[in-house]
Structures are given as C-alpha cells and as structure tokens.
Amino acid sequence: MLFTPRLLSLASILAMPVASIALAQAGGSTLQPKAGAPLQGLSPEELALFEVGKVLFATPPTIEQGLGPIFNKTNCQSCHSVPTGGWGSITVTRFGLDKKGEFFEYPGEVQSLLQAESISPSCKEILPADATVVSLRVTNSSLAFGIVDSIADADIVANADPTDSDGDGISGKVHYVEVLEDPTGGLRPGRFGWKAQVATLFSFSGDATRNEMGFTNSLVPTENPPNGDYSLLAQCDIAPDPEDVPDAAGYTFIERVTHFQRYLGMPPQTPLSGMMGETIFNQIGCAKCHVRDWQTPDDPNLEPALRNQSARIYSDFLLHDMGTLADGIQQGDANEFEFRTPVLWNLATRDLMLHDGRVAGGIFADRVTATIEAHGPFGEGAASAAGFAALGPAQKAQLVAFLRSLGRLEFDADFTGVIDIVDFNDFVACEGPTDPDQPCAVHDINRDGVINFVDAAAFLAAWEGPSDDCDSNSVPDAIDIALDSSLDSNGDGILDSCATCPADLDGNGAVDGSDLATLLSSWGGADADIDGNGTVDGQDLAQMLSAWGPCS
C-alpha cells in the first residue's frame with residue numbers, strides 16, 4: 001500500500017460525485033481547462049458556435065468553392081495545430097527588396113507574403129531569385145483570441161513609451177492599423193500578428209483566410225495575383241469573388257472560424273504563483289515587454305464569458321526594436337527591426353521559437369535558453385539577454401521552470417497533457433509539504449503548500465486514464481491497483497475481485513482446450529499464473545479444471 005492513512009481518508013468522501021469533490025474540498029479551487037478547450041461560462045448557444053467553428057477551422061474549402069488559386073495551406077488547423085487553434089510548426093515566407101536599408105515590396109507584388117502552393121502548376125507563385133530580403137515566419141497561437149480581442153485599446157496604448165521617456169531602453173510603439181470591417185477606415189491599435197498588423201479578430205480571420213487559403217471573403221474580396229500577374233490570375237481563378245458565402249444558418253466561413261477563436265479558452269499555468277523563476281523573470285526586465293496581467297472591460301456589449309476577465313498573457317502587444325533579430329520586412333508602420341511582443345501563455349507546448357522558428361527541437365530548457373540569448377546583443381531585448389547571461393545555473397533553471405509552467409496542466413507531472421497513471425504515481429510520491437519551486441507543486445491544486453486528500457479529490461476529477469470501476473468504489477481500477485498491487489495478483493489490469501473467469505486465458509468466454517494448452521506450455525513460468533503465486537503449477541491446473549466450460 002502506497003498511500004498513508006491520511007491520504008486513504010479520501011475513501012470517506014468518495015460517496016460524493018467525483019466532479020463535485022474538487023469544488024467542495026479544494027477550497028473553491030477549480031481545475032484549469034486544457035489549452036484548446038472552450039472558455040468557461042459560455043452559453044449553450046455560444047458553445048454550439050464554438051463547436052461548429054472548430055470543425056470548419058479544420059475543414060478545407062474545395063477548389064470549386066474557392067480554394068486558391070495560390071495558397072499556403074488548405075485549412076486553418078494545418079498551421080494552428082498544437083492544440084487546434086494553438087501554436088504550429090508551419091512557416092511561411094516573406095520576401096522583397098532591400099534598398100539602402102529600406103524594405104520595398106518586389107515590383108509588381110501586392111504584398112510581401114509568398115503563397116507556396118497552387119491549384120495547378122501553371123498558377124504557382126515563385127520566390128524571385130533576385131529577392132534580397134527573404135524571411136520565414138512561424139505560426140502564432142490563436143488561443144483565447146476573444147480575450148485578446150476584448151482588451152480595451154486604451155489599455156494597450158497606456159503601456160506605450162515610444163520615446164523611452166524613462167530611459168530604461170524599452171520604448172514600445174503602438175501600431176495603428178485599419179480595421180477591415182470598419183467602412184470608415186478608422187485606425188485602431190494592432191494586437192494580432194508578428195508585426196501587430198491586425199487590429200481585430202474578425203479582421204484576422206478575413207485576412208488569414210484570403211492570404212493563407214486564397215479564399216476571398218467580405219473583408220478581403222480580391223485574390224492575390226501570382227507574382228503580381230493579373231492575366232495569370234484570370235486564367236487560374238475559377239470561382240467568383242467573394243468566395244465565402246453564408247451557410248444555411250446565415251454565417252460565413254470567416255464568421256464561423258471567428259466564433260471558434262473568440263471562444264477558445266485561456267491556457268493553464270501551473271503553479272499559478274510563487275515561483276522564484278517569475279521573480280527572476282521580472283528582475284532581468286522580461287516583464288517590461290512580456291506584461292503578465294490584463295483585464296477585459298466590464299462592458300455589457302461583451303459576452304459574459306469575455307466580460308471583466310483577468311488574463312495572464314505575457315505581452316504588451318506593442319512594437320519593439322529587436323536589433324539583430326530583425327527580419328528586414330516592413331508592414332505598415334512596423335519597420336524592418338520591429339516585432340510585436342509575442343504572448344507567452346501556453347509556451348510550455350511550443351516547439352518552434354522566435355519569429356522564424358530557428359530554435360526548434362531538443363528539450364524545452366535548451367530552446368528557451370537559445371531564444372533568450374538571441375534577444376541580444378542589440379535591440380530592446382539586449383538588457384534582458386545580458387541579465388540572463390549573468391545568472392548562475394540555479395537561477396537559470398528556476399527561470400526556465402517558470403517559463404515551462406506557462407501552459408502546464410495541473411497534475412501533469414510528465415508534461416504529456418494527459419492525466420494518467422504516470423501522473424498518479426508521481427502524485428502519490430509527492431504526498432506532504434511542497435512549495436511552488438518544487439516539482440510536486442504541480443499537484444497542489446489549492447496552493448496550500450501540502451499535497452493531501454484535498455488534492456487527491458481533485459486528481460480524481462482530472463483523471464483521464466481508463467475509467468473502469470468494476471468494484472463501484474468511485475475510484476478507477478487503475479488507481480486502486482496502483483495503490484495496492486495485490487488487488488491485481490496476475491497483473492492483467494483487472495481487479496482480482498472483478499475477475500469472473502480467471503482461467504479463461506484467451507478471453508473467449510470459456511475455459512477449454514486452448515486455455516489448457518496455454519497453461520501447459522507455460523508450466524513452471526509465470527505467463528499463465530492463475531492463482532497469483534508467481535508460478536504455473538498444479539494449483540493453477542486444478543483451478544482451471546474446476547472452472548472447465550463456459551464462464552458464468
């Protein structure tokens with residue numbers, strides 16, 4: 001038995017519905033949803049919109065419906081894949097010309113984005129051989145875009161300091177851009193995209209749908225001509241524009257995928273507070289750009305699930321001069337050296353890092369270390385990169401541990417995103433005192449500094465392993481067996497008390513000749529040990545013969 005009597009007191013509360021245990025016993029703490037789950041508090045109608053939008057997010061339009069003629073991917077999920085709506089491992093190419101340090105779009109082109117695919121070889125766009133600026137961009141996450149979309153413009157503007165008035169080396173510039181759905185052409189602070197080149201979620205959906213899928217819509221109703229060749233476009237474009245038309249319910253594709261992104265929930269963070277690594281993060285200046293705390297307004301025009309919500313986003317949505325990280329591309333008023341501060345929530349699940357994905361693969365600590373180091377030696381991130389370099393190994397490890405908490409699910413000891421028997425065994429080993437800097441803090445649901453039956457109750461609510469409960473004690477059989485291996489003496493994953501026909505070795509519903517052959521072939525070994533004494537012997541043979549025939 002692994003649990004001590006203190007944790008075994010969990011049995012006394014198992015008469016309660018498992019889902020309510022975490023709420024009633026964990027001091028009001030609720031389990032954080034997984035990344036990719038819908039926002040908490042959605043109405044049934046909003047949740048239905050989320051689910052339909054999620055399907056369409058992964059559904060390609062056909063060529064006849066308007067895909068192409070040039071595009072990068074056939075559906076949104078191809079790029080936003082970890083989880084659906086999150087980070088991606090896809091890169092796109094931007095290109096143009098550098099003339100004495102100033103970026104210009106390639107002659108004839110209408111934008112810097114290369115569409116790498118086409119509906120036919122004759123329509124394909126090519127990267128000009130004489131393009132002097134070529135840069136990759138990796139897919140950003142669109143998790144909780146509704147929260148980001150709901151942040152008040154004034155709150156973004158309040159963090160800006162374009163003249164670096166306090167002399168700390170950090171300026172931060174608002175990128176004012178047109179709102180595609182605003183017929184007046186008004187400007188608002190950009191908040192989406194690597195250069196903060198998009199101001200609203202709906203604009204993002206319309207812009208990305210046309211640029212990445214070649215699917216024209218009400219916001220962007222014209223196609224990109226391959227390499228600026230309108231005559232080639234006329235030959236290749238077979239669907240009338242705009243191609244995105246309302247469905248039977250009256251919603252267009254861009255409205256549907258906007259619903260999905262709008263109602264995507266905020267990713268988890270475990271532990272939520274108290275890590276020394278966050279203190280170090282603040283001390284070396286990372287938080288000057290990666291601003292943690294945001295609040296959506298208490299606006300009656302917002303859905304309740306989006307209204308007056310606190311969010312830990314770790315971005316200021318402003319443009320910063322990134323020095324040697326520059327991509328050489330200008331978009332709107334975002335110059336060749338500037339990038340919007342990327343969000344850090346859900347960072348634990350991200351593989352490709354930096355705007356061009358140059359840091360990828362290997363372990364998380366190595367990727368994060370290389371990413372921080374790349375912020376120097378020039379640009380607004382240089383001081384933080386130098387501060388990181390000056391840290392000792394223990395402090396660096398604490399900072400990395402904090403960054404890996406961003407996107408980590410409670411109880412997820414092995415960072416798989418699934419709460420299973422591996423996590424349970426780790427939970428059992430963690431019983432007792434802990435603190436936010438200890439690995440066991442992942443199991444402290446109510447953050448009271450001790451792993452006990454309260455956290456055990458919450459673990460049951462989070463459990464995602466096998467749900468079999470053959471003895472009806474409200475504890476999954478896999479957990480029962482993990483607590484006391486003697487309950488499953490033959491190691492078949494079934495409680496001995498629930499094994500109705502242990503001599504039926506082949507599981508065909510009867511004890512017969514095939515079972516006898518299996519037992520005899522295993523004589524003296526352990527593979528067909530029926531009585532659990534570790535050896536196939538006469539006792540096993542006697543038990544088989546006494547059970548001969550159909551299983552009852």
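Within the stretch 202-238, the set of residues being aliphatic (A, V, I, L, M) and either without any contact (Cβ under 8 Å) to a residue 60 or more places away in the chain or crowded, with 21+ Cβ neighbours inside 10 Å (or both) comprises Ala208, Met213, Leu219, Val220, Ala234.
Screening Ala441 on (1) touching a helix residue (DSSP H, G or I) at 6+ places or on another chain (Cβ under 8 Å); (2) surrounded by 19 or more Cβ atoms within 10 Å (Cβ to Cβ); (3) farther than 22 Å from Ser467 by Cβ shows it passes everything except condition (1).
Of all the numbered requirements in (1) surrounded by fewer than 17 Cβ atoms within 10 Å (Cβ to Cβ); (2) of a type outside the set (Asp, Glu); (3) not assigned by TED's automatic domain parsing to the domain that holds Val475; (4) not in a helix (DSSP H, G or I), Ile530 misses one, and that requirement is (1). Against the condition without any contact (Cβ under 8 Å) to a residue 60 or more places away in the chain and either in a loop (DSSP other than H, G, I, E, B) or surrounded by 17 or more Cβ atoms within 10 Å (Cβ to Cβ) (or both), how does Asp435 come out, does it pass? No, not satisfied. The residues of the stretch 133-169 that are free of Cβ contacts under 8 Å to residues at least 40 places away in the same chain and either touching a His at 6+ places or on another chain (Cβ under 8 Å) or under 15 Å from Ala199 (Cα atoms) (or both), listed by number, are Asp153, Ala154, Val157. Criterion applied to Pro267, Pro304 was being part of a loop (DSSP other than H, G, I, E, B) and surrounded by 17 or more Cβ atoms within 10 Å (Cβ to Cβ), and the one residue passing it is Pro267. Name the residues in the stretch 141-154 that are buried (at least 16 other Cβ atoms within 10 Å of the Cβ) and over 15 Å from Gly36 (Cβ atoms), would you? Residues satisfying the conditions are Val148, Asp149, Ser150, Ile151. Among the residues of the stretch 533-552, just one is assigned to a loop (DSSP other than H, G, I, E, B), small (Gly, Ala, Ser) and either in contact with a strand residue (DSSP E or B) (Cβ under 8 Å, 6 or more places away or on another chain) or not assigned by TED's automatic domain parsing to the domain that holds Leu519 (or both), namely Ala547.
Selection of the stretch 482-494 for residues being without any contact (Cβ under 8 Å) to a residue 60 or more places away in the chain and either surrounded by fewer than 19 Cβ atoms within 10 Å (Cβ to Cβ) or polar (S, T, N, Q) (or both) yields Ser485, Ser486, Leu487, Ser489, Asn490, Gly491, Asp492, Gly493, Ile494. Only a single criterion out of (1) without any contact (Cβ under 8 Å) to a residue 12 or more places away in the chain; (2) at positive phi is not satisfied by Gly172, namely (1). Elements of the type strands (runs of 3 or more DSSP E) sitting completely within the stretch 82-149 and holding at least 1 residues that are among the aromatic types (Phe, Trp, Tyr): these cover 91-99, 102-104.
The values are calculated or read from the model by the stated rules, or taken from the named source; none is laboratory data. This one's a predicted model, so the numbers in the text were calculated from it and none came from an experiment. Virtual Cβ from ideal backbone geometry, glycine too; neighbours counted across all protein chains shown.
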